[in-house]
Amino acid sequence: MARRSTKTPPPEEFEEKILDIDVVDEMQGSFLEYAYSVIYSRALPDARDGMKPVHRRIVYQMNEMGLRPDRGYVKCARVVGEVMGKLHPHGDASIYDALVRMAQPFSMRLPLVDGHGNFGSLGNDDPPAAMRYTECRMADATSLMTESIDEDTVDFQSNYDGQEREPVALPAAYPNLLVNGAAGIAVGMATNMPPHNLGEVVAAARHLIRHPNADLETLMRHVPGPDLPTGGRIVGLGGIRDAYETGRGTFKIRATVSVETVTARRKGLVVTELPFAVGPEKVVAKIKDLVGSKKLQGIADVKDLTDRQHGLRLVIEIKNGFIPEAVLEQLYKLTPMEESFGINNVALVDGQPLTLGLKELLEVYLDHRFEVVRRRSEFRRTKRRDRLHLVEGLLVALLDIDEVIRLIRSSENSAQAKERLIGHFSLSEVQTQYILDTPLRRLTKFDRIELESERDRLNGEIDELTGILESDAELRKLVSAELASVAKKFGTPRRTVLLESAGSPAPTATLQVADDPCRVLLSSTGLLARTATGEPLPEQGGRRTKHDVIVSAVLGTQRGEVGAVTSAGRLLRIAVIDLPQLPDTASDPNLAGGAPLAEFLTLEAGESVVCLTTLDESSPGLALGTLQGVVKRVVPDYPSNKDELEVFALRDGDRIVGGSELRTGEEDLVFITSDAQLLRYPASQVRPQGRAAGGMAGVKLADGAEVLSFTAVDPAVDAVVFTVAGSRDTLDDAPTTAKLTPFDQYPRKGRATGGVRCQRFLKGEDMLVFAWAGAAPARAAQANGTPVDLPDADPRRDGSGTPLATPVAVLAGPAA
């Protein structure tokens with residue numbers, strides 16, 4: 001074996017050849033070649049099947065591998081390897097990225113890959129798993145893209161090394177480019193096409209088949225706008241109209257948001273759909289960044305409650321005092337909850353990038369589909385003609401089978417037999433060879449009947465296919481019918497709402513709730529609430545619900561504060577805007593609703609809220625009465641820099657049993673003691689004191705007696721006194737008697753006196769277990785808020801009571 005010399009030949013053996021090339025021309029030519037390669041082979045989709053080369057190669061190779069929807073899943077790495085090794089001369093990352101996108105229901109309106117495993121999340125917040133973990137197969141609709149590809153419906157070309165064949169375009173039984181959209185950046189141009197609804201696109205295509213000269217307005221009746229896989233709301237249809245006409249346009253996508261009560265105290269914005277290609281984590285991060293930089297106000301918290309069962313659910317809690325609709329407008333303006341989508345319908349038509357409108361896109365697809373169906377019909381007719389030719393030859397042989405057998409047996413070899421059969425029966429060479437290859441068991445009478453039936457069927461199919469090929473109307477009718485069947489099988493309702501405009505946004509000045517007057521209410525079961533602005537409270541009568549007894553009500557403003565006075569002598573501030581607002585009480589007299597005190601106040605063990613009070617320093621003040629008979633009028637001095645104030649310096653073992661905010665200063669203060677004594681005297685007899693004072697003697701108590709009730713009653717209004725007597729020894733089980741007496745039956749006495757008797761005890765009774773004095777009509781309830789009916793009024797101030805069937809735990813007058 002001769003060895004090649006490694007010595008360098010002498011310079012004289014080489015003929016020097018130098019070409020002078022202008023660098024500008026070289027760079028221009030090389031760049032144009034590169035640009036064309038990127039445009040044609042990578043970045044732009046074909047207008048016929050709506051696919052870039054990588055997507056087309058994935059779908060075709062999956063079809064070749066037999067990964068149909070009724071087969072099992074295979075590893076994505078296997079598909080990527082097959083595509084890369086046979087068809088796609090690029091890296092595995094680009095192939096897998098394309099495959100992943102084809103399997104994402106939030107990216108494709110009609111996914112082409114059925115994925116098994118983690119294929120990523122909306123907005124790519126959670127990236128897909130590696131291809132060695134995920135599995136895939138063709139989706140149900142993908143078979144329509146490759147249907148009849150083996151019937152000479154499309155042209156094939158050599159792959160990158162000339163050893164394989166790949167389709168130039170897929171048959172595409174539906175307009176994939178419009179249905180799934182496309183996005184790509186080439187050299188000097190780009191494409192960005194939104195997805196559409198399959199049913200709407202097919203309806204427009206069928207209309208264009210019937211009416212080739214249809215105008216854009218007519219087509220837009222079928223396709224009013226994009227239909228994004230993530231839903232949302234498209235705002236402004238002018239840009240869509242421009243895009244459908246010229247191929248370029250812009251529209252805005254907004255998240256789908258509803259205002260809901262997310263907690264007992266707060267309303268919130270619940271996001272169930274986001275703009276196309278926007279993920280919840282991106283929105284949450286942007287909101288937190290804006291809140292942290294003080295550019296966005298009114299948001300208390302953001303929670304991402306998205307899961308597989310309920311889908312996207314982003315809860316944005318709104319601070320009390322802010323209007324949710326106004327906050328939503330700020331979110332649309334500052335966050336990805338509103339995004340712009342620029343339509344740029346650039347696709348390849350006959351290898352050339354063109355910007356196409358809606359009608360042009362449909363026309364290119366339909367022309368392709370007409371060609372596919374025509375080639376398929378031609379292929380099928382040729383196949384049937386070939387088969388008919390063989391069947392007819394076999395039938396000729398069956399008519400004189402004995403002669404056929406004689407000629408074959410008397411021939412020297414098969415070649416002579418073929419020649420003698422051709423000459424005797426005027427058969428073609430193909431027919432003769434088929435006869436010779438047919439086993440004798442096929443030459444029965446029954447097989448002859450089958451052959452005749454097959455001949456008739458083939459003639460009918462050939463005539464049908466010929467009709468399609470020779471009639472443009474029949475071809476169009478067939479394509480339209482096939483499109484209709486695709487839409488019927490795979491069509492889904494529209495997800496994206498189309499809006500002409502966003503409506504009138506909430507003005508920036510009304511971002512916060514106005515500081516309008518309102519009432520703050522405390523119910524018998526410890527619920528706090530506020531009324532609507534300027535809404536009068538109804539009379540506490542008629543239909544009742546569990547929490548409809550109001551034990552304290554004060555005037556306030558929506559953005560102001562009120563005080564809660566506790567039995568320990570503390571005053572705690574409450575922001576009115578934090579309280580839940582009751583429904584329209586004018587139409588619904590029930591005052592059910594509110595939030596528990598524990599959500600707003602921190603109370604010590606055994607401490608309870610006695611009453612509510614305004615923090616208006618121009619009011620006559622607050623009247624309080626204690627268990628040991630001490631009374632105090634508090635000077636309204638409430639520093640705004642303190643959330644907790646002491647308003648009563650209580651003695652050891654004492655506590656506040658009742659309190660009322662004085663509205664005029666002309667009210668009567670009323671003590672009712674456990675030994676059935678009632679003392680009434682004007683509030684003017686009590687000198688106002690500072691918050692640190694300990695009060696003064698309010699009522700003289702007998703030995704063993706204590707104060708049950710302390711209230712302030714306006715003598716100018718109709719009022720009542722309600723008392724319940726029982727036994728000290730059997731307080732829980734003994735029967736009780738109750739008495740309801742007009743308030744004017746009790747005379748005024750001096751402060752710190754013993755008062756007058758308000759109920760006479762019966763046998764077995766030795767104390768009052770409940771007492772109350774206030775404006776009529778009075779309403780009673782059990783501890784859980786269940787209403788209790790009161791006895792009829794008794795004009796005797798010191799009379800005995802009547803039996804009470806249901807125990808009373810609370811009593812209140814009109815909440816005015």
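The values are calculated or read from the model by the stated rules, or taken from the named source; none is laboratory data. What you are looking at is a predicted structure, and each value in this text was computed from that prediction instead of being measured. As a convention, Cβ positions derive from the backbone with ideal geometry for all residues, glycine included, and neighbour counts pool all protein chains shown.
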Exercise. Has the stretch 370-377 got at least one residue that is in contact with a Gly (Cβ under 9 Å, 6 or more places away or on another chain) and among the hydrophobic types (A, V, I, L, M, F, W, C)?
Worked result: no
For this session: Starting from residues that are at pLDDT 90 or above and surrounded by fewer than 14 Cβ atoms within 10 Å (Cβ to Cβ), keep the ones in the stretch 429-451 and report whichever is nearest to residue 390 (Cα to Cα).
Result: 430
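Per-residue answers, yes or no, for (1) touching a residue at least 40 places away in the same chain (Cβ under 8 Å); (2) assigned to a helix (DSSP H, G or I); (3) at positive phi:
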site: 377; (1), (2), (3): yes, yes, no
site: 411; (1), (2), (3): no, no, no
site: 422; (1), (2), (3): no, yes, no
site: 435; (1), (2), (3): yes, yes, no
For this session: Specify the residue that is surrounded by the most Cβ atoms within 10 Å (Cβ to Cβ); the eligible residues are those in the stretch 464-488 that are within 12 Å of residue 378 (Cα to Cα) and without any contact (Cβ under 8 Å) to a residue 60 or more places away in the chain.
Result: 464
Seminar exercise, completed: Checked 662, 650 against criteria (crowded, with 19+ Cβ neighbours inside 10 Å and under 30 Å from residue 788 (Cα atoms)); the one match is 662
Exercise. Across the stretch 239-269, what is the total count of residues that are part of a strand (DSSP E or B), of a type outside the set (Gly, Ala, Ser) and surrounded by 18 or more Cβ atoms within 10 Å (Cβ to Cβ)?
Worked result: 8
Exercise. Got a sec? Which of 280, 229, 275 is within 22 Å of residue 346 (Cα to Cα), surrounded by 19 or more Cβ atoms within 10 Å (Cβ to Cβ), under 17 Å from the mean Cα position of the chain (by Cα) and not assigned by TED's automatic domain parsing to the domain that holds residue 109?
Worked result: 229
Exercise. Considering only strands (runs of 3 or more DSSP E) fully contained in the stretch 94-196, which possess at least 2 residues that are in contact with a helix residue (DSSP H, G or I) (Cβ under 8 Å, 6 or more places away or on another chain) and either without any contact (Cβ under 8 Å) to a residue 60 or more places away in the chain or under 21 Å from residue 67 (Cβ atoms) (or both)?
Worked result: 113-116, 135-138, 165-167
Exercise. Here are some conditions: (1) of a type outside the set (D, E, K, R); (2) crowded, with 22+ Cβ neighbours inside 10 Å; (3) under 18 Å from residue 682 (Cβ atoms). Residue 715 meets all but one. Which one does it not meet?
Worked result: (2)
For this session: Please give the number of the condition residue 29 fails out of (1) at pLDDT 95 or above; (2) outside any loop (DSSP other than H, G, I, E, B); (3) more than 23 Å from residue 154 (Cα to Cα).
Result: (1)
For this session: Hey, could you check the stretch 352-379 for residues that are hydroxyl-bearing (Ser, Thr, Tyr) and surrounded by 19 or more Cβ atoms within 10 Å (Cβ to Cβ) and say which is nearest to residue 191 (Cα to Cα)?
Result: 365
Exercise. Within the stretch 334-349, can one find any residue that is buried (at least 20 other Cβ atoms within 10 Å of the Cβ) and either closer than 20 Å to residue 475 by Cα or among the hydroxyl-bearing types (Ser, Thr, Tyr) (or both)?
Worked result: yes
Seminar exercise, completed: Expected single match for in contact with a strand residue (DSSP E or B) (Cβ under 8 Å, 6 or more places away or on another chain), touching a residue at least 60 places away in the same chain (Cβ under 8 Å) and among the β-branched types (Val, Ile, Thr) among 287, 316, 299, 343 is 343
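Out of everything in the stretch 803-813 that is surrounded by 15 or more Cβ atoms within 10 Å (Cβ to Cβ) and of a type outside the set (A, V, I, L, M), what residue ends up being nearest to residue 740 (Cα to Cα)?
Looking at residues that are surrounded by 15 or more Cβ atoms within 10 Å (Cβ to Cβ) and of a type outside the set (A, V, I, L, M), I get 813.
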Seminar exercise, completed: Within the stretch 311-334, the residues that are part of a loop (DSSP other than H, G, I, E, B) and closer than 22 Å to residue 253 by Cα are 312, 313
Exercise. Within the stretch 500-522, how many residues turn out to be farther than 24 Å from residue 319 by Cα and either surrounded by 17 or more Cβ atoms within 10 Å (Cβ to Cβ) or at pLDDT below 50 (or both)?
Worked result: 0
Exercise. Looking at the stretch 775-816, which of its residues are more than 17 Å from residue 708 (Cβ to Cβ), part of a strand (DSSP E or B) and in contact with a Gly (Cβ under 9 Å, 6 or more places away or on another chain)?
Worked result: 775, 779
Exercise. From 625, 629, 621, 593, which residue is at pLDDT below 90, in the same structural domain as residue 693 (by TED's automatic domain parsing) and more than 33 Å from the chain's Cα centre (by Cα)?
Worked result: 621
